[in-house]
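The structure appears below as structure tokens.
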Amino acid sequence: MAAARTSLGRVLPGSSILFLCDMQERFRHSIVYFPQIVSVAARMLRVARLLQVPALLTEQYPQGLGPTVPELGAEGLQPVSKTCFSMVPTLQRELDSRPQLQSVLLCGIEAQHTTLDLLERGLQVHIVVDACSSRSMDPCPLFLGLAYSQVDRLTALARMRQSGAFLSTSEGLIMQLVRDAAHPKFREIQKIIKEPVPDSGLLGLFQGQNPLF
């Protein structure tokens with residue numbers, strides 16, 4: 001009997017959705033690499049709009065943590081308020097209404113809880129590594145007194161990968177989505193790709209002998 005084929009993690013516009021999680025004003029000065037993370041997430045949102053990939057936006061307790069920052073460019077998206085650390089309970093009805101959905105592209109502040117919940121639903125999760133950060137990716141950025149450590153970030157990325165999520169850069173996912181230079185939107189997307197991508201502190205995590213990857 002042939003062994004089950006491992007998922008290749010292909011990303012197609014018609015079966016994908018972009019999750020934008022909790023990029024809010026209160027986190028501007030407390031989340032490491034916050035401007036860079038938002039910039040890359042905005043890049044993903046621009047491409048998603050060009051390719052008609054739907055996007056969902058959440059805000060964690062906006063009464064206390066403020067609205068989504070304007071530089072994300074999320075005008076036209078209706079933010080969904082939540083208190084749960086994961087995006088999934090709040091967006092469950094939206095997910096249930098999309099039977100064709102296979103892949104979630106995840107950007108923002110909260111990653112690990114959302115990833116595990118999505119994987120449990122049988123969805124593929126693609127962590128946009130240059131668009132995810134927090135003071136401590138687990139448990140939650142609400143605990144603003146926690147001291148940020150790159151160890152937390154590295155361990156969270158490794159944990160999500162071990163659980164079955166795919167780690168990808170924004171450019172890698174964009175190229176998967178567009179697939180072909182003959183795509184009618186390729187020239188517009190090419191301009192986005194050519195824009196400089198800010199350093200979100202990832203290089204140090206992947207350099208040298210890293211036992212977690």
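Here, each number is a calculation from the coordinates, and none is a lab measurement. Treat the numbers as computed from the prediction; the structure is a model and nothing was measured. Methodologically, a virtual Cβ is constructed for each residue, glycine included, from the backbone with ideal geometry; neighbour enumeration extends over all protein chains shown.
By the compact-protein rule of thumb, 2.2 N^0.38 Å, the alpha-carbon radius of gyration of the range 2-134 corresponds to a ratio of 1.03.
Computed over neighbours whose Cβ is under 11 Å from that of Pro54, the net charge equals +1, Lys and Arg +1, Asp and Glu -1. Here Lys191 is the anchor, and the aspartates and glutamates within straight C-alpha reach of less than 16 Å, apart from those fewer than 8 places off in the same chain, are Glu171, Asp180. Here's the picture: a label point sits 7 Å out from the Cα of Val197 along the beta-carbon direction, and within the range 46-77 the residues with their amide nitrogen under 14 Å of it are 47. Applying 0.36 nm per residue to the separation of Arg49 and Leu12 and subtracting their alpha-carbon distance, the gain on full extension is 11.9 nm.
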